[in-house]
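Here the structure is laid out as structure tokens; the discussion comes afterwards.
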Amino acid sequence: MTVEPMIRVVGLNKHFGRLHVLRDVNFQVVKGEVVVILGRSGSGKSTLLRCLNYLEPPDSGEIWIDGQRIDPRKTNLQALREEMGFVFQHFNLFPHLTALDNVTLALRVVKKMPEARAREIGMGMLAKVGLAAKADAYPDQLSGGQQQRVAIARSMAMNPKVMLFDEPTSALDPELIGEVLAAMEDLARAGMTMIVVTHEMGFARRVAQRALFMHEGSFIEEGTPAELFENPKTPEARTFISSIL
């Protein structure tokens, strides 16, 4: 039986002026799969994630989410973004709101959810990332790792179909990385479909089913994390892997 992919990308291209950032990108992700995207800075990884939910409109190509083709002239892009949680390198929390209020804001404003129900969901999401005790803390009272876990809880509160992570640990001190990766591993074990741009090779080995290597805007190699790390086939992937392992 053929499994309908949760995400399917066909011939995706993106330019910034004369710079051709994404070049005929093709890939798909099935429901419940965790895929990591690797590559050097500037290879197009973050732009690809931003194109998936139209934070950056692609110039050409097709994006299909859960069997529906995204057409910016017809698709409700706000609804699309609610279905695709996005966790950025920097936490983007509102400094004047508590952790709980950061998590529940979109529920109350976008989904028009009653405050009591939003708080119930928000507390549940904070508990899932181990921060129920910090619900009333403000961002400047939290460590970087805690702030990023609040950002994950905020995305999860919207009940997305897919989670996109753009180097979520790159802005963290080394001792704080583990707590964020643990929260992400919990999501993966719960069956969340995830696309993760990361250099965390240990996480990729433990959690991902596939690793894709991007070079100059295209995927030039893919396999299991073990295959890609232990026996990269392209010189670009070999050079990259040797520089981070």
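For the range 180-245 versus the range 15-74, the inter-centroid distance based on Cα atoms is 17 Å. Surface composition of the chain: carbon and sulfur make up 50 percent of the accessible area, probe 1.4 Å. Relative contact order of the range 1-117: 25 percent, from C-alpha pairs under 8 Å at least 6 residues apart in sequence.
Heavy-atom accessible surface of residue 96, to the nearest 10 Å², is about 130 Å², with a 1.4 Å probe and all protein chains retained.
Is the shape of the range 30-172 rounded, prolate or oblate, going by the alpha carbon gyration tensor and its root eigenvalues a ≥ b ≥ c, with a/c under 1.5 for rounded and a/b larger than b/c for prolate? Don't skip to the answer; put the middle values down first.
Values: a/c = 2.14, a/b = 1.40, b/c = 1.53.
Cα axes put the range 30-172 in the oblate bin.
In this calculation the C-beta distance from residue 159 to residue 74 is compared with R0 = 25 Å, giving a FRET efficiency of 0.60. In order along the range 38-44, the phi-based Karplus estimate (6.51 cos²θ - 1.76 cosθ + 1.60, θ = phi - 60°) of 3J(HN,Hα) comes to 10, x, 5, 4, x, 7, x Hz; Gly and Pro are listed as x. Scalar couplings 3J(HN,Hα) for the range 235-244, obtained by applying the Karplus form with A = 6.51, B = -1.76, C = 1.60 to θ = phi - 60°, are x, 5, 5, 4, 5, 5, 4, 5, 7, 10 Hz; x denotes Gly and Pro.
Per residue, the accessible area of the chain comes to 48 Å², computed with a 1.4 Å probe over protein heavy atoms only. Using a Förster distance of 51 Å, how high is the FRET efficiency between residue 10 and residue 136, based on the Cβ-Cβ distance and rounded to 0.05? Result of the calculation: an efficiency of 0.65. Under 5 Å between amide hydrogens, built in the peptide plane, is the criterion, and for residue 113 it picks out 108 among residues at least 5 positions away or on other chains. Our helix-only sum for the chain, with -39,500 (n - 2.57) per DSSP H run of n ≥ 4 divided by its residues, gives a mean residue ellipticity at 222 nm of -11500 deg cm²/dmol.
Against the criterion of solvent-accessible heavy-atom surface with a 1.4 angstrom probe, 110, 29 sort, most first, into 110, 29. Would you work out the relative contact order for the chain, in percent, from Cα pairs under 8 angstrom that are 6 or more residues apart? Reported relative contact order: 27 percent.
Checked against a 24 Å cut-off, the cross-linked pairs 45/74; 128/161; 14/74; 111/161; 112/161 give Cα-Cα distances beyond that limit for 45/74. Positive end of the dipole of the chain (Cβ unit charges, origin at the Cα centre): among 196, 139, 113, the Cα lying farthest that way belongs to 113.
The values are calculated or read from the model by the stated rules, or taken from the named source; none is laboratory data. Computed from a predicted model, the values in this text were never measured in an experiment. Using ideal geometry, Cβ is built from the backbone for each residue, glycine included, and neighbour counts are taken over all protein chains shown. The area values use the complete protein model at the heavy-atom level, side chains included, leaving out ligands, DNA and RNA. Shrake-Rupley method; radii C 1.70, N 1.55, O 1.52, S 1.80 Å.
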